[in-house]
Structure formats: structure tokens, C-alpha cells
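The structure under discussion is supplied below as C-alpha cells; questions concerning it will follow.
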Amino acid sequence: MKKIAITGSLGTGKSTILKILQNLGFSTFSCDEVVKNLYKNPDIQKKIIEIFGKEILSIDGKLNKKKILEKILEDNKLKEKLESLFHPLVKEKLLEFIRERKEEKIIFAEVPLLFEAGWEDLFDEIWVITCSPLTQKERILRKGLEEKLGEKLLKLQLSLKEKEKKAHKIIFSEKSFEELEKEIKEMLKEYLKD
């Protein structure tokens with residue numbers, strides 16, 4: 001079985017590539033999806049409130065992710081605490097996903113913080129999804145993140161250039177969905193030979 005990690009940076013197109021792979025019938029895993037679900041877990045919510053205090057709650061009593069992000073950007077210790085809560089849980093789900101698919105020829109996992117978390121050894125190959133800084137900025141703004149927050153968040157991560165140096169394959173995502181799909185199909189031919 002070949003285990004391929006899909007990584008990149010904020011707004012580089014990782015989710016699009018994952019969607020293409022799903023459409024092509026491959027098993028895929030998304031760390032972001034796991035994190036989204038963890039945020040909905042009442043026990044995890046309690047722990048997050050313990051870390052950050054009640055000021056991260058919206059008026060309706062729900063967790064306000066923007067406030068959490070702002071606090072992480074202000075204080076590295078809070079970032080570390082949140083990561084030490086989430087990373088082991090996400091890793092557990094990832095390993096479970098890999099175990100359950102032992103029979104498959106090739107599986108993909110989108111791991112945005114692959115290098116930052118030190119999980120490279122879990123994979124046989126790393127694909128870095130990249131784009132120009134301008135496109136990245138536009139995509140971050142489209143996601144609804146303020147420019148300043150987006151910039152600060154990117155500074156916390158390994159730079160895209162550094163990630164590209166560690167990649168087995170680099171996919172430039174500034175193409176149409178159809179073009180990217182065609183490119184990926186072509187790339188995968190060599191993997192699917194018996």
C-alpha cells in the first residue's frame with residue numbers, strides 16, 4: 001500500500017486536490033474534517049474553554065474560532081496547548097484510517113501541518129500543493145479570513161518554499177478543476193501499474 005500525504009499551506013488548493021482524488025474513487029482522509037468534528041465534541045469544547053477562558057465564546061455560548069485564532073496568534077503557549085489537545089486525537093484517527101485500508105493500493109491524507117507536526121514518517125510520499133502568493137492571498141480572503149490574520153497564520157507555518165523542498169511531487173493548483181483532474185490522472189498511472 002502506498003500512503004501519500006497531501007500538504008501545502010493556507011489557500012494553496014489542498015482541498016480541491018482531495019476532492020479530485022475522491023471523485024477518482026480513492027480513499028481520502030482530511031485532518032481538517034477531523035478537527036471540525038472535534039470542535040463539535042462537548043468534552044473537547046470544555047477543554048478548549050479551560051485553555052482559553054470563556055472570552056472565546058460567542059454571545060450564543062458557542063466557540064468562536066476567530067477569537068481562538070486571534071489568541072493563538074498572540075500567545076505561542078496557547079497554540080502549543082491547543083495542538084497538544086488536537087494532534088494526538090487527529091493522529092489516532094489518521095492511523096485508524098490507514099489500518100482500515102490495508103488492502104488498498106494507494107490512499108491519500110490531507111495533512112496541512114504535516115511538517116510542523118513531524119508526521120512525514122507516516123507516509124511513503126509527500127505531494128505539496130502550491131500556488132502564487134497573490135492567488136494564495138485572494139483565496140485566504142475568499143475563505144473569510146482577514147488579511148492580517150491570514151498573514152500571521154502563515155508566519156506560524158513552515159514556508160511554502162521549504163515545504164516544496166521536502167516534496168516528492170509539487171502540484172501547481174492555478175488551473176481549472178478539469179485540468180488538475182487530468183494532471184492527477186496522468187500522475188497516478190505509474191502508481192496503479194501492477
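Computed from the coordinates by the stated procedures, all read-outs in this text should not be read as laboratory data. This one's a predicted model, so the numbers in the text were calculated from it and none came from an experiment. Positions of Cβ are generated from backbone atoms using ideal geometry, with glycine treated the same way; all protein chains shown enter the neighbour counts.
Part of a helix (DSSP H, G or I), in contact (Cβ under 8 Å) with a residue 60 or more places away in the chain and surrounded by 15 or more Cβ atoms within 10 Å (Cβ to Cβ), is that true of Glu116?
Values: part of a helix (DSSP H, G or I): yes; in contact (Cβ under 8 Å) with a residue 60 or more places away in the chain: no; surrounded by 15 or more Cβ atoms within 10 Å (Cβ to Cβ): yes.
When the stated conditions are applied, Glu116 does not pass them.
Let me ask you something else. So, in the range 144-162, how many residues would count as being under 17 Å from Ile68 (Cβ atoms) and polar (S, T, N, Q)?
Counting residues in the range 144-162 that are under 17 Å from Ile68 (Cβ atoms) and polar (S, T, N, Q) gives 1.
Specify the residue that is nearest to Ile129 (Cα to Cα); the eligible residues are those in the range 165-190 that are loosely packed, with under 13 Cβ neighbours inside 10 Å, of a type outside the set (Ser, Thr, Tyr) and free of Cβ contacts under 8 Å to residues at least 40 places away in the same chain.
Lys165
Just the residues that are part of a helix (DSSP H, G or I) and either small (Gly, Ala, Ser) or touching a residue at least 12 places away in the same chain (Cβ under 8 Å) (or both), please, taken from the range 144-164. Outline the logic, then answer.
Applying the first criterion (part of a helix (DSSP H, G or I)) to the range 144-164 yields 147-156, 160-164.
Correct list: Leu149, Gly150, Lys152, Leu153, Leu154, Leu156, Leu160, Glu162, Lys163, Glu164.
If you check Lys65, Lys77, Lys54, which single one turns out to be of a type outside the set (Asp, Glu), loosely packed, with under 15 Cβ neighbours inside 10 Å and in contact (Cβ under 8 Å) with a residue 12 or more places away in the chain? Explain how you work it out, then say what you get.
Working: Lys77 fails: in contact (Cβ under 8 Å) with a residue 12 or more places away in the chain; Lys54 fails: in contact (Cβ under 8 Å) with a residue 12 or more places away in the chain.
Testing whether each residue is of a type outside the set (Asp, Glu), loosely packed, with under 15 Cβ neighbours inside 10 Å and in contact (Cβ under 8 Å) with a residue 12 or more places away in the chain leaves just Lys65.
While we're here: Return yes or no: is Lys102 within 20 Å of the chain's Cα centre (by Cα), more than 24 Å from Glu162 (Cα to Cα) and either among the aromatic types (Phe, Trp, Tyr) or surrounded by fewer than 16 Cβ atoms within 10 Å (Cβ to Cβ) (or both)?
Values: within 20 Å of the chain's Cα centre (by Cα): no; more than 24 Å from Glu162 (Cα to Cα): yes; either among the aromatic types (Phe, Trp, Tyr) or surrounded by fewer than 16 Cβ atoms within 10 Å (Cβ to Cβ) (or both): yes.
Criteria not met by Lys102.
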